[in-house]
Amino acid sequence: MPDWIDRPLFEIAQALRKGTLTARNLTEEGIARHDKWDVKLGAYKTWDAEYARRQADASDAAFKANKDLGLAQGILFSVKDIYGAEGFPIYAGSPKRLPPEWEKNGPVLNKVRQQLAVIPGKTHTVEFAFGGLGSNPHWDVPRNPWDAQSHRAPGGSSSGAGVSLWEGSASIAFGTDTGGSVRVPASMTGNVGLKTTKGRWSTDLITILSTSFDTPGILAKSVSDISFGFNAIDPVTKASVSSAIETRDVSGIKLGITKDYFWDRCADDVGETVENAIAELKNAGARTSTIKIPEAGTSVQVWGEGAIVASEGYSFLQTRLPDWIDSLDPNVLSRMEVAKEAKTLDYFSALFKISKLSQSVHAKLETVDALAVPTVPITPPKIEDLVDAEAYKKNNLLALSNTMPGNVLGACAITIPAGLDKSGMPVGLQLIALPNREEELISLALGIERILGTPRDRLGTPPLGGRL
């Protein structure tokens, strides 16, 4: 049957096991989508169709031998090019290839490779993952598929991840999230994105931006697919094709809402789109509770004052990849070099303050199932409008402003599409929950998806990608 790549992952997994679909046929469909859309969308830094075919054949051979190695068997995953991945070079958004020791699988990627998942390529990233818009002067910037006339930002730093999903060459996209780098591209491209709790998934053999805040995460075309991917990847969860995270009924859930920090920078049409989605959930039986979270703005201010990310990222480059510093994107270098002015006392004081702020916010989140706020407060800007350094800085801070608190305050979070803004670009609804509550958060998001619909239901399909 055509268009298998667009079907729910649990349905695809069952068909693979029944023999009504082969991993090779699924992979060929993904390759055909890539062949059609790559010139316009440019999601990938490296792509290897023949390698993908060999992986698919190995998956099919295992199925024929009655070897079911896990949910990911035969499923297509794109991988952000800051992950080490055997069989592929790694550039991490820089102009030159990283040393061979970075081309090995880390624990997260190894988990799906042991299940014989199919990895056809590695997606573009902002250089060393330090940016929220997706731009990179060293390589072509992936195009947001929702605007056929103008080249708009795909979101960063996992800039090719969401684009690869709409292209149709992957069902799950691996990204990372230090300040929003999974949720921002998911929101800007009309996908679902999961930010995991710090420490839940290993960051080994993923290039470092921040030892304090880096978290691996995934993007997918629905909450149901996120649930599938989480079950396949999470080191604690034990799952099979017949098991899944249960969908929670929206009736009776308690959503925290706030009119302070998370709404202060919102464009009117973005805020209205999120408010309308929350109103739909209330009409379906959800309850809301107003919470004041001044800690959100304070936490981002403390992050900046202490230069935590810049210090940790620059330290990584100095000690592990010093030859890559001179060629850094000026937009990355200017923020990295803040570390040169940072004092050790400021750095550790900032970490201490953040710990105290986190405790306060966690106590408030205990009173609700999740906090519901806009994911990104602005429409994806046009790439041509980001050439000026000050314009880039302004838009980059805005893009990350609503997602950074989730990292700083140690939460897990998910973004789901709320609708389209007046420019026809996707708007995300972000749900923030206590750390290590991923299963409960996904359960809640599954219930919300029943009301709001999947991204394809809610938004339709973009003018670029999404079909042969």
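What to note about this one:
- Taken together, the criteria exclude LYS111 from residues that are within 23 Å of SER224 (Cβ to Cβ), touching a Phe, Trp or Tyr at 6+ places or on another chain (Cβ under 6 Å) and buried (at least 17 other Cβ atoms within 10 Å of the Cβ).
- Unique residue being among the aliphatic types (A, V, I, L, M) and in a loop (DSSP other than H, G, I, E, B) when the list is VAL79, VAL141, VAL108: VAL141
- Pairs, first farther than 22 Å from TYR91 by Cβ in segment 327-343, second surrounded by fewer than 19 Cβ atoms within 10 Å (Cβ to Cβ), C-beta under 7 Å, six or more apart: none
- Residue within segment 211-220 that is closer than 26 Å to LEU26 by Cβ, in contact (Cβ under 8 Å) with a residue 12 or more places away in the chain and of a type in the set (Ser, Thr, Tyr) present: no
- Of the criteria (1) among the charged types (D, E, K, R); (2) at positive phi; (3) buried (at least 19 other Cβ atoms within 10 Å of the Cβ), which one ASP3 fails: (3)
Let's see how each residue does on (1) in contact with a helix residue (DSSP H, G or I) (Cβ under 6 Å, 6 or more places away or on another chain); (2) farther than 23 Å from SER202 by Cα; (3) assigned to a helix (DSSP H, G or I); (4) not polar (S, T, N, Q):
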site: ILE245; (1), (2), (3), (4): yes, no, no, yes
site: SER251; (1), (2), (3), (4): no, yes, no, no
site: PHE262; (1), (2), (3), (4): no, yes, yes, yes
site: LYS282; (1), (2), (3), (4): no, yes, yes, yes
site: GLU295; (1), (2), (3), (4): yes, yes, yes, yes
site: GLY304; (1), (2), (3), (4): no, yes, yes, yes
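- GLY162, sole failed condition from (1) without any contact (Cβ under 8 Å) to a residue 60 or more places away in the chain; (2) crowded, with 17+ Cβ neighbours inside 10 Å; (3) more than 25 Å from MET188 (Cβ to Cβ): (3)
- The set of residues in segment 100-118 being closer than 14 Å to ARG320 by Cβ and in contact (Cβ under 8 Å) with a residue 24 or more places away in the chain consists of TRP102 alone.
- Against the test of being among the small types (Gly, Ala, Ser) and surrounded by fewer than 19 Cβ atoms within 10 Å (Cβ to Cβ), the options GLY256, GLY285, GLY306 yield a single qualifying residue, GLY285.
- Complete set of residues in segment 264-275 that are in contact with a strand residue (DSSP E or B) (Cβ under 7 Å, 6 or more places away or on another chain) and either assigned to a helix (DSSP H, G or I) or over 19 Å from ILE416 (Cβ atoms) (or both): VAL270, GLY271, THR273, VAL274
- Within this structure, SER169 passes the test of being under 21 Å from GLY42 (Cβ atoms) and of a type in the set (Gly, Ala, Ser).
- Selection status of GLN55, more than 29 Å from GLY93 (Cβ to Cβ), within 26 Å of the chain's Cα centre (by Cα) and at pLDDT 95 or above: no
- The condition of being modelled with pLDDT of 95 or more and hydroxyl-bearing (Ser, Thr, Tyr) does not hold for THR344.
- Which numbered condition THR319 fails, given (1) surrounded by fewer than 18 Cβ atoms within 10 Å (Cβ to Cβ); (2) farther than 29 Å from LEU386 by Cβ; (3) in contact (Cβ under 8 Å) with a residue 12 or more places away in the chain: (3)
- Failed item in (1) β-branched (Val, Ile, Thr); (2) out of contact with any Phe, Trp or Tyr (no Cβ under 8 Å at 6 or more places or on another chain); (3) buried (at least 24 other Cβ atoms within 10 Å of the Cβ), with THR197 passing the rest: (3)
- Filtered by the rule that a residue be in contact with a strand residue (DSSP E or B) (Cβ under 6 Å, 6 or more places away or on another chain) and crowded, with 16+ Cβ neighbours inside 10 Å, segment 288-303 gives THR288, ILE291.
- Matching residues, segment 452-468, being more than 15 Å from ILE414 (Cβ to Cβ) and among the aliphatic types (A, V, I, L, M): LEU459, LEU464, LEU468
- Residue pairs whose Cβ atoms lie under 7 Å apart, separated by 6 or more positions or on different chains, with the first residue in segment 46-66 and closer than 12 Å to THR27 by Cα and surrounded by fewer than 17 Cβ atoms within 10 Å (Cβ to Cβ) and the second of a type in the set (Ser, Thr, Tyr) and modelled with pLDDT under 95, do not occur.
- Options ALA342, ALA350; residue that is in a helix (DSSP H, G or I), of a type outside the set (Val, Ile, Thr) and within 14 Å of GLY304 (Cα to Cα): ALA350
The values are calculated or read from the model by the stated rules, or taken from the named source; none is laboratory data. Since this is a predicted model, take the numbers as computed values, not measurements. No Cβ is skipped: glycine too gets one built from the backbone with ideal geometry, and neighbour counts run over all protein chains shown.
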